[in-house]
Amino acid sequence: MKDILIQAVGLAGTLLFFLSYQFRNNRTLFRAQFLSYLLYTAHLLLLGAVTGGVSYCINTFRSLCLASGKKALTGRKMCAAICLAQVAALVLTWEGAISALPVAANIASTIAGYTDDQRKIRFAGMFINSPLWIVYDIISGSLAGILDEVVTEISLVISLFRFREKAGDGEKK
């Protein structure tokens, strides 16, 4: 029963993360991801995947910063500070080479998020973040995490079609 509850916490995070990419507004996207990250932090820590849990905790802070709209929290210095926090998490929670996967994924997502460019955010998620996290989730035994990454990839593809630019005019549909 305990294992089912741990996976259920992760599944709730999966649902929120899927919905996050369906928002056109980046601040709303980051707010939904904030709640998702809180659930995933708890899920991974309960599984004993410490690096992933701490890394998601840092992502929770990142989402708060990006959703705030405050210049000090959305600037390059904060981006660098968050990336350095990810590296510190890697060093402090080292569990072997597996620990590098969530940290590398989250650094890529952090840099993309701080560009405030929807395409870069979605492409980093699709080609860096999700592939690295799915390997980590498989190794860590996070069924909810595996599902999350599959669902996230689907959501990213849907959002790329929904928000694609019209050919030649740069205007968002």
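The condition (being in a helix (DSSP H, G or I) and either in contact with an Asp or Glu (Cβ under 6 Å, 6 or more places away or on another chain) or closer than 21 Å to I154 by Cβ (or both)) is satisfied by just one residue among L39, L73, L66, L46: L39. Residue pairs whose Cβ atoms lie under 8 Å apart, separated by 6 or more positions or on different chains, with the first residue in region 4-23 and under 10 Å from S36 (Cα atoms) and the second open to solvent by less than 40 Å² (accessible area, probe 1.4 Å) and not in a helix (DSSP H, G or I), are G10/S142.
Of the residues A144, A105, which single one is of a type in the set (G, A, S) and modelled with pLDDT of 95 or more? It would help to see each step written out before you state the result.
Values: A144 fails: modelled with pLDDT of 95 or more.
Answer to the check: A105.
Scanning region 48-101 for residues that are at pLDDT below 95 and aromatic (F, W, Y), we see that the one that is least open to solvent (accessible area, probe 1.4 Å) is Y56. Taken over region 129-164, the residue count meeting the criterion of being over 16 Å from the mean Cα position of the chain (by Cα), assigned to a helix (DSSP H, G or I) and over 16 Å from R24 (Cα atoms) is 4. Considering region 3-27, the residues that are in a helix (DSSP H, G or I) and among the polar types (S, T, N, Q) include one that is surrounded by the fewest Cβ atoms within 10 Å (Cβ to Cβ), namely N26.
The values are calculated or read from the model by the stated rules, or taken from the named source; none is laboratory data. Bear in mind that the values here come from a model prediction, so they are computed numbers and not experimental data. Here Cβ is always computed from backbone atoms with ideal geometry, including for glycine, and neighbour counts include all displayed protein chains. All accessible areas refer to the heavy atoms of the entire protein, side chains included, with ligands and DNA or RNA removed. Shrake-Rupley method; radii C 1.70, N 1.55, O 1.52, S 1.80 Å.
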